[in-house]
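Written below as structure tokens is the structure these notes are about.
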Amino acid sequence: MLAGVILPALALGLAGWILPRLLARVFPEGVRPLVWLALTAALLMILLSMALFLGLYRIEGAPPDALARAGWAALVWHLLRLALASALIWGPILALSVAGLPGRWKTARW
């Protein structure tokens, strides 16, 4: 249970908090860049979640050809559905992290 549910959930939650803060170092300050930062962070979190679930399948011993037996598109669709379901964990954390970024701005004003 710990390795199968709790650790991946904690990893996704932590990534949802850290990723916007790392992206804030690259994106300029301002409201419009903040929106783009949030969208970029959400897309990256979806890709990260898909990779995490694929890694969990591999750790459990599922070979890549067995995962893609129904086709690569079906595998990607399955991983995407899992990633979007996991957004219930990392989505609110990501939103809180993005909402806290304007407090760190040096030049732009909210």
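Among the residues of the stretch 58-69, not a single one is touching a helix residue (DSSP H, G or I) at 6+ places or on another chain (Cβ under 7 Å) and of a type in the set (D, E, K, R). As a summary of the residue check, F53 satisfies the conditions (1) touching a residue at least 12 places away in the same chain (Cβ under 8 Å); (2) out of contact with any His (no Cβ under 9 Å at 6 or more places or on another chain) except for the one numbered (2). Among the conditions (1) part of a helix (DSSP H, G or I); (2) aliphatic (A, V, I, L, M); (3) more than 30 Å from A24 (Cα to Cα), the only one that A62 does not satisfy is (1). If the condition is being in contact with a Gly (Cβ under 8 Å, 6 or more places away or on another chain) and over 18 Å from P92 (Cβ atoms), then the stretch 37-71 contributes only L56.
Scan L67, L48 and give me the residue that is in contact (Cβ under 8 Å) with a residue 24 or more places away in the chain and not basic (K, R). Please lay out each step first, then the result.
Details: L67 fails: in contact (Cβ under 8 Å) with a residue 24 or more places away in the chain.
After ruling out the rest, the residue left standing is L48.
The numbers here are math on the coordinates, done by the rules we state, and not lab data. Computed from a predicted structure; not experimentally measured. Don't worry about glycine lacking a Cβ; one is built from the backbone with ideal geometry, like all the others, and counts go over all protein chains shown.
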